[in-house]
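Down below is the structure, laid out as structure tokens.
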Amino acid sequence: MSGRSTDSLPQSRFAVIGGGISGLTAAYRLTQEVPQARVQLFEASDRLGGVLSTFQQQDLLIERGADSFLTKQPWAVELCRELGLAEELIPTNSEHRRALVLCDGELHPVPEGFHMMRPQRALPILRSRLLSWQGKLRLLAERWIARPSGIDREDFDDNLAHFATERLGHGAYARLVEPLLAGIFTADATKLSVAATMPEAIALVREHGTLWHREVSPGSEPDRSTSGARYGSFLTLRDGMSRLVNELAGRLPTSSIQLNKLARQLSRDEDGNWSLQLADGSMCGPFTGVVTALPAPQTAKLVEQVDSQLCDLLRRIPYASSAVVSLAYNREQVSRPLDAFGLVVPAVEKSRIVAASFSSVKFPGRAPGDQVVVRVFLGGALHPELVDLPESELQSIAIEELSPLLRISGAPLLVEVVKWREKMPQYHVGHVQLVDEIEARAAQLTGFALAGNAYRGVGIPYCIRSGNEAAHRLATMLKEV
Ligand SMILES: CC1=C(CCC(=O)O)c2cc3nc(cc4[nH]c(cc5[nH]c(cc1n2)c(C)c5CCC(=O)O)c(CCC(=O)O)c4C)C(CCC(=O)O)=C3C
């Protein structure tokens, strides 16, 4: 490292392509790390935020996309604090912190202490109506099941369905693991990579031989340290997730944000400078560095002329689509008590919805006291055809499926439908190795960095980390040349 100060460098220019949370974070960090640089952010649509989009009407606050983020990975909460949003962060309500599972047409709570793939308490499992007696005994017997062969290898992977069924039995897999994880990752559990989505489960079985293991690290309560994910560790913003988007955008010079600019192709000249061709044919650049913060197939297209091998690798990450139908009702229209944060639907139930989240139970300030908001999810890897239906039909399906479950009478006060096409990367078996290859290849391209949810985590904190790291990589490169 020459340690050359960036102050002495001629003005450098950076392009960030994609104005979702990852691209916005990368652009913001670049302006911080290289203050004299000119940063341009190119966004194909007419708005920033990507899948973060808050909709407000009357006294309702509805999230079209992600409604919150986890604090276990610190990057989102750190960014919010840095942006002065500490006072705006709100936790989930303390009541009803649980999920329901649809089982033979009825809703039953996930047994207390069961988190994603980790059973922690026997009694609630024994009492649960989600499992048969055989299913319960099989789940309790997990600690005596042999460790999978090959689990000690660093590159061990398996599909979630096989791994979870072998460890926990078919009942627990089909009723407890599949619905939550397939919902969260919009995925087909028979293809989902355990190494990419639940590395902590592999680590537990590798080190302790059982998913029942409860780590007790000195000075921490076992319940906290063992939580794969707890509702206590979700935060959102009082005014919705768009507040974070707006705050980030507000930190960038207005001239740096270019909306309605669809990027078509990247190229690089002999000096290593980058140019960007837009869909309207115009050329932008030269740029010292470029961050792509797009879904992998779109990044693949952009780099086709620069590195066809990188292009091919990026194309190997599959995508799924989903639709979210948000419904508001008068509280008295909903007879079933909303005593949970939401419900998930196992694939074996053959429903046309994947999950529903009870937004007004989960967070304060989402609806007036006499109203409720429920978000219904459709599509995903298992029902790709649904997303192509017209919005009116998606609305009818959501209402038809939800009404008997929550015993709803009458029409909703408000309906808001959104389709997220090919937005959710599918971390299939082998994803970790594929991303290792992608990153190794991308690292060969001086002045190029990848960001987004396609690679090392789909949640908001991971997106923010990807933006932080992409910016840091380019800033470091600049200091080293
Ligand atoms: C449909 C759907 C998507 C996909 C939307 C789409 O693509 O269309 C999604 C995404 C995500 N969900 C995520 C995480 C979690 N979701 C949970 C709980 C729940 N999800 C639900 C639904 C969904 N969730 C529901 C109905 C619940 C229960 C009740 C409630 O809360 O409404 C729990 C608690 C589990 C427990 O502890 O029991 C966690 C930790 C992460 C981050 C993952 C990471 O970064 O690792 C992501 C991307």
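Values in this text are rule-based calculations from the coordinates and carry no lab data. Note that the coordinates shown come from a computational prediction; the quantities given were computed from them, not determined experimentally. Ideal geometry is used to build each Cβ from the backbone, glycine not excepted, and the neighbour counts take in all protein chains shown.
A compact table of results
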{"quantity": "Overall form of the range 133-186 per C-alpha gyration tensor (a/c, 1.5; a/b vs b/c)", "calculated": "oblate"}
{"quantity": "Fewest-first sequence of T476, T197 by Cβ atoms within 10 Å of each Cβ", "calculated": "T476, T197"}
{"quantity": "Whole-number percent relative contact order across the chain, with pairs defined as alpha carbons under 8 Å at least 6 apart", "calculated": "25 percent"}
{"quantity": "Theoretical FRET efficiency, 1/(1+(r/R0)^6), r = Cβ-Cβ of S45 and I145, R0 51 Å, to 0.05", "calculated": "0.60"}
{"quantity": "Globularity ratio of the range 287-445, using Cα Rg and 2.2 N^0.38 Å", "calculated": "1.34"}
{"quantity": "Whole-number percent relative contact order across the range 325-399, with pairs defined as alpha carbons under 8 Å at least 6 apart", "calculated": "34 percent"}
{"quantity": "Rg [Å, one decimal], Dmax [Å, integer] - the range 78-159, C-alpha atoms", "calculated": "18.9, 53"}
{"quantity": "Out-of-range pairs (alpha-carbon distance over 28 Å; input K72/K136; K423/K479; K191/K423; K72/K362; K72/K301)", "calculated": "K72/K136; K423/K479; K72/K301"}
{"quantity": "In Hz, Karplus ³J(HN,Hα) per residue of the range 37-42 (6.51, -1.76, 1.60; θ = phi - 60°; x = Gly, Pro)", "calculated": "6, 9, 10, 10, 10, 9"}
{"quantity": "Selection from S359, V303, N246, by position along the positive dipole direction of the chain (Cβ)", "calculated": "S359"}
{"quantity": "In nm, spacing of pseudo-spin labels at N330 and L413 (7 Å Cα→C-beta vector)", "calculated": "0.9 nm"}
{"quantity": "Whole-Hz couplings from phi, Karplus 6.51/-1.76/1.60, listed for the range 334-351; x for Gly and Pro", "calculated": "10, 7, 6, x, 8, 9, 7, 7, x, 9, 10, 10, x, 4, 5, 7, 6, 8"}
{"quantity": "Distance between modelled label sites at L83 and E166, nm, 7 Å Cα→Cβ extension", "calculated": "4.2 nm"}
{"quantity": "Distance in nm between pseudo-label sites at E215 and E154 (7 Å out along the Cβ direction from Cα)", "calculated": "1.9 nm"}
{"quantity": "Nonlocal amide H pairs with G19, under 5 Å, H built at 1.01 Å", "calculated": "A44"}
{"quantity": "Amide proton proximity set for V39, modelled H, under 5 Å, gap of 5+", "calculated": "F14"}
{"quantity": "Theoretical gain in end-to-end length, R421 to L126 [0.36 nm per residue, Cα-Cα removed]", "calculated": "102.1 nm"}
{"quantity": "Förster radius 35 Å - calculated FRET efficiency between E304 and E207, Cβ distance, rounded to 0.05", "calculated": "0.25"}
{"quantity": "Overall dimensions of the range 353-469 by Cα: Rg and Dmax, Å", "calculated": "19.2, 60"}
{"quantity": "Cα Rg over Rh - the range 110-228, Kirkwood", "calculated": "0.94"}
{"quantity": "Amide proton proximity set for Q265, modelled H, under 5 Å, gap of 5+", "calculated": "Q277"}
{"quantity": "Sorted peptide list for 151-157, 461-467, criterion being average Cβ within 10 angstrom, highest first", "calculated": "461-467, 151-157"}
{"quantity": "Signed unit charges on C-beta, dipole axis of the chain, positive-most listed residue V415, G272, H170", "calculated": "H170"}
{"quantity": "Convex hull volume per residue for the chain, taking Cα atoms only, in Å³", "calculated": "159 Å³"}
{"quantity": "Segment E385-E480, extension gain: residue separation times 0.36 nm, minus the distance between their alpha carbons", "calculated": "29.2 nm"}
{"quantity": "³J(HN,Hα) computed for each position of the range 277-288 - Karplus, 6.51 cos²θ - 1.76 cosθ + 1.60, integer Hz, glycine/proline x", "calculated": "9, 8, 4, 7, x, 6, 10, 10, x, x, 10, 6"}
{"quantity": "Centroid-to-centroid separation of the range 436-456 and the range 415-435 [C-alpha atoms, Å]", "calculated": "18 Å"}
{"quantity": "Nearest-0.05 FRET efficiency for S94 and D59, computed from C-beta distance (R0 25 Å)", "calculated": "0.65"}
